[in-house]
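Beneath this line is the structure, given in structure tokens, with notes to follow.
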Amino acid sequence: MSENDHLESPNRPIRGAVEDAVLNIKIIGVGGAGNNAVDRLKMDDLSHVGLAVINTDSKTLNASPIAEKLMIGRTVTRGLSTGGEADIGRQAAESDREAISRLVEGVDLVFILAGLGGGSGSGASPVIADMASDSGALVISFVTLPFTREGQRRHKQAEDALGLLRRSCHAVITLPNDLLLQEIEEKSTLLDAFAIADDWIYRGVRAIVSMLNDHGLINVDFATLTKAFSSRGGKTLFGLAVGTGPDVVGSALRELEVCPLLHLPENKYVRKADSLIVNITGGPDLSMAMVNEVLDAVTEKFSSRENTVIGAVIDGSLHNRLHLCVIGATDVDGKRYRSARYRGYREQGHTAQPAFVESRSQASDRRRDEAGVSGAGTGESPALPADDTEPVRETATVGEPVAQEEFPFSRIDDSRGFFEETESNMYDGVDLDIPTFLRRGIRIHV
Amino acid sequence: MSQKRIIGAVEIGTSKVIVLVGELDGRRHLNIIGKGQSTSHGVRKGEIVDLKAAAGCTHAALIAAEKNAGANIEGVYLAASGSHLAGFANRGVTNVSASDGSIRNADVARASADAKSKALPADRVYVHHMRTGSLVDGRRVDNPLAMVGERLEMTYWHVHADERKIQNMIRVVNGFGLDVEDVIVSSIASGSIIASQEEKAAGVLVVDIGSGASDYVLYRNGCIQRSGVIAVGGDHFTNDLSIGLRINASNAENIKHRCGKAIVDKRDKQEQVLMYGDLRIGDRPIPRNAIYRILHARAEELFMILKNKLGSALNAQNLPGGVILTGGGSALHSLGEAARPVLGVEVRLGESPSWVRDIALRRPEYATVFGLLYYGLSAQQSDDDDAQDVAGGGLFQRVAKIFNVG
């Protein structure tokens, strides 16, 4: 498959000359929290990035300094908020499908920023993500999850929305608010706490965008990125680190080791990513040896080298500093979601909305092709035992199928004590399997 | 009637499968003649999630135990745990039939049958009917037989379970070619051996903290009053550490055992411990304070849930015997100190009875299997004594009288 295939959408030609193709990137904030996050993103150093905000609440929209605004659900909420009802948020988005499709049309890479748990964020963002990916864009979402303290209802709403988002986005990066409490000092203000979430989002978005646009040692083109995220529905690993001092690589790797985002309860089980993107941003002194060192350490931890895409970017303003960003995708449970989703869409397309039939089925065929290709490339990896002890991993990568047959328990043994295969352990509205200190917001210094 | 029987006590736990082989000699003697153990697979939070894996390790433990004992196991007593277990109180009422008003066996049986007759949803099955007491004309009596009255009430605590989950466990043992004589809830098994008769009469709460779940049983007036399961166990402590300290599970388990503590100790606030502590490459210092705070939060929550579940039954007046902690999870340093302020009663660690000679077997994680063997001994006795009293319905016919009376 040639790389340009990924850029082509069935209903849209590439704009401009191929040599000089400019990626159209758009960051869309959905709902109150999403709007705020976009407002606060300082994107001066990022060119070719469009910002947009979508909300049901006209007041929040008016307060936003972002130029491109879209009010959805005028007929549903009359310009008011959804009152925290995800259903109303979804209806609002459904009622303004045309406006949303105009907003995402012709965009190659869509970032959706939203706070899940409320109405607009939880209800509308899955619809928007769906439409964006159907129009051929690569969709990456950064979503915050509500504090456990906010109660069961918001939690449930967020969980449901997250499930929907995972199916319609190519990557969903979750930032649980509970984690914010871990990161802040005891005396810090609410603004400080949300500034951390904003910073995470900013660094994640920036890492991806700069990898595509900036010039560096190793550039990643959009096709590679699309291919890495071709499967949907899986979980996404996301980790950030900054290294400073004389041993920048060492300190960055150490920080990556303790990055809280890599240690979310749900990501505990995503030991190996099926595709991994590593972006390194360093000063002019960044050497190939340093890149190699990072690559060695990161691939060993998260993936195999075959499935890793690396980008290295030079930023003249950085001296003796190294920014690391790791994004990994799994398609372990993506396959199930994908098939269910396409079956559902076929039926829906034929009966309810004939206007969408053609583009949808084409889009799905195209995606299935991609999935087939990536599946062939990574078909082995989901079956490998997720094991991080040295000897077993060695034999696994060397590839001795007999050795694997002999240890049918190794996978279970490795994850024993963790609760991924059990039902959630609800008591009084909270999941007891999630660490108590996280739910209570007790700060742990590591 | 003097006969020797070789029975096995099997606990398919979340972290390990333990098989204890006992020889019942006559009616009063129990000799422990063998032990087998294997690392558990396919079990999470006390429930089987992978039947094949669980069967593999259970059979390995059974083989080891039979080899160790040098005898073939004739029957198995099986421990059940997991959050699918639930219980409720129900009472049976009958009018005394005799003209002179004296209560006979038939009256007791009728009231008991009435108490046990409550139908369960289709996929649930009774595991135990625990007699919690009897009332004659509204007055509490220890034994209603031959007393005079008009109205007899028998109160019971019923424990029921998910039928398929219980059957899965039975199938694992059956797959080895052994019959399951009875299934006993873990907490009831360990409670029977850990608490003394005096404590059971006065009121005592036994909490068995396993790897995947914690079982508890509350005794008063010599009878089991309440039992239950909280789906939080030692694995949750490990998992919390692993997430909080950002280390893998085996390192977290190691740290928990090496330097874990369930209370936050102000003294060594600044102190740090090494992750491996053996000069290995990649070692990393971890503040003690972080470890303690994570473990303390989980321990406090566990006992908070226990307190909420038991409600008013949990106070110093009702529980002169206090709380006894047992099970592998109770080995966590200072767990009792963490429990005391939350529960508001005395908390101590359980000890296996002094007749257990092997020091290794006195560790708290063996309390359940000992309880199972003890159960086997008592069941044998009640077989001989009066089979009539235990002739209840349900899948598990033999509900040992000894557990009801103490």
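The values are calculated or read from the model by the stated rules, or taken from the named source; none is laboratory data. Bear in mind the structure is a predicted one, so any value in this text is a computation, not a measurement. Virtual Cβ from ideal backbone geometry, glycine too; neighbours counted across all protein chains shown. Note: accessible area is taken over every heavy atom of the protein model, side chains too, but ligands, DNA and RNA are not part of it. Shrake-Rupley method; radii C 1.70, N 1.55, O 1.52, S 1.80 Å.
Tabulated results
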{"quantity": "Chain B - mean residue ellipticity at 222 nm from DSSP helices (-39,500 (n - 2.57) per run, n ≥ 4, rounded to 500)", "calculated": "-10500 deg cm²/dmol"}
{"quantity": "Span-rule helices in chain B, defined as complete DSSP H runs reaching 24 Å or more along the axis (Cα) with Kyte mean at least -0.5", "calculated": "B:51-69, B:288-310, B:367-385"}
{"quantity": "Buried accessible area, chains A and B (both chains, 1.4 Å probe, Å² to nearest 100)", "calculated": "3500"}
{"quantity": "Extension gain, A:Ile196 back to A:Glu98 (0.36 nm per residue minus Cα-Cα distance, nm)", "calculated": "31.8 nm"}
{"quantity": "Along principal axes, Cα extents of region B:86-161, largest first, whole Å", "calculated": "44, 19, 16"}
{"quantity": "Mean-position separation - Cα centroids, region B:148-225 and region A:61-129, in angstrom", "calculated": "55"}
{"quantity": "Trypsin sites (Lys or Arg not before Pro) lying in DSSP loop within region A:116-215, provided at most 15 other Cβ fall within 10 Å", "calculated": "A:Lys187"}
{"quantity": "Relative contact order (percent, whole number), chain B, Cα cutoff 8 Å, 6+ residue spacing", "calculated": "17"}
{"quantity": "Residue with peak Gaussian network fluctuation, chain B [Cα springs, cutoff 10 Å], from B:Ala297, B:Ala146, B:Ala109", "calculated": "B:Ala146"}
{"quantity": "Reciprocal mean inverse distance between Cα atoms of region A:169-215 - Kirkwood radius, Å", "calculated": "12.2"}
{"quantity": "Residues B:Ser196 and B:Asp25, FRET efficiency given R0 of 30 Å [Cβ-Cβ distance, rounded to 0.05]", "calculated": "0.80"}
{"quantity": "Gyration tensor (alpha-carbon) shape descriptor, region B:1-144, a/c threshold 1.5", "calculated": "oblate"}
{"quantity": "Gyration tensor over alpha-carbon atoms, region A:22-213, equivalent ellipsoid semi-axes in Å", "calculated": "22, 21, 15"}
{"quantity": "Compactness of region A:115-216 as Cα Rg over 2.2 N^0.38 Å, two decimals", "calculated": "1.18"}
{"quantity": "R0 of 51 Å, Cβ-Cβ distance A:Met288-B:Gln167: FRET efficiency to nearest 0.05", "calculated": "0.25"}
{"quantity": "Residue-count net charge about B:Gln225 - beta-carbon cut-off 15 Å; Lys, Arg +1, Asp, Glu -1", "calculated": "+4"}
{"quantity": "Over 31 Å (Cα to Cα) - which of A:Lys156/B:Lys16; A:Lys187/B:Lys261; A:Lys227/B:Lys52 fall in this group", "calculated": "A:Lys156/B:Lys16; A:Lys227/B:Lys52"}
{"quantity": "Distance in nm between pseudo-label sites at B:Asn248 and B:Asp278 (7 Å out along the Cβ direction from Cα)", "calculated": "1.4"}
{"quantity": "At R0 = 25 Å, FRET efficiency that the Cβ-Cβ distance of A:Glu306 and A:Arg254 yields, to 0.05", "calculated": "0.45"}
{"quantity": "Projected label distance in nm at B:Ala316 and B:Ala122, using a 7 Å step from Cα toward the beta-carbon", "calculated": "5.2"}
{"quantity": "Beta bridges per DSSP with both ends in chain B, % antiparallel, nearest 5", "calculated": "80"}
{"quantity": "Coarse-grained scattering of chain B at q = 0.06 Å⁻¹, given as base-10 log I(q)/I(0) from a Debye sum over alpha-carbon atoms", "calculated": "-0.26"}
{"quantity": "Amide N of region A:144-175 lying under 19 Å from the label point, which is placed 7 angstrom from the Cα of A:Arg443 along Cα→Cβ", "calculated": "A:147-149"}
{"quantity": "With at most 16 neighbouring Cβ atoms within 10 Å, loop GluC sites (Glu not before Pro) (DSSP) excluded, longest segment of chain B", "calculated": "B:151-270"}
{"quantity": "Cα-projected label distance for B:Ile359 with B:Arg104, points at 7 Å along beta-carbon direction, nm", "calculated": "5.9"}
{"quantity": "Dipole moment magnitude, nearest 20 debye, region B:86-140 about Cα centre, only Lys, Arg, Asp, Glu C-beta charged", "calculated": "160"}
{"quantity": "In region B:213-269, the trypsin sites (Lys or Arg not before Pro) that fall in loop regions by DSSP, at most 16 other Cβ within 10 Å", "calculated": "B:Lys266, B:Arg267, B:Lys269"}
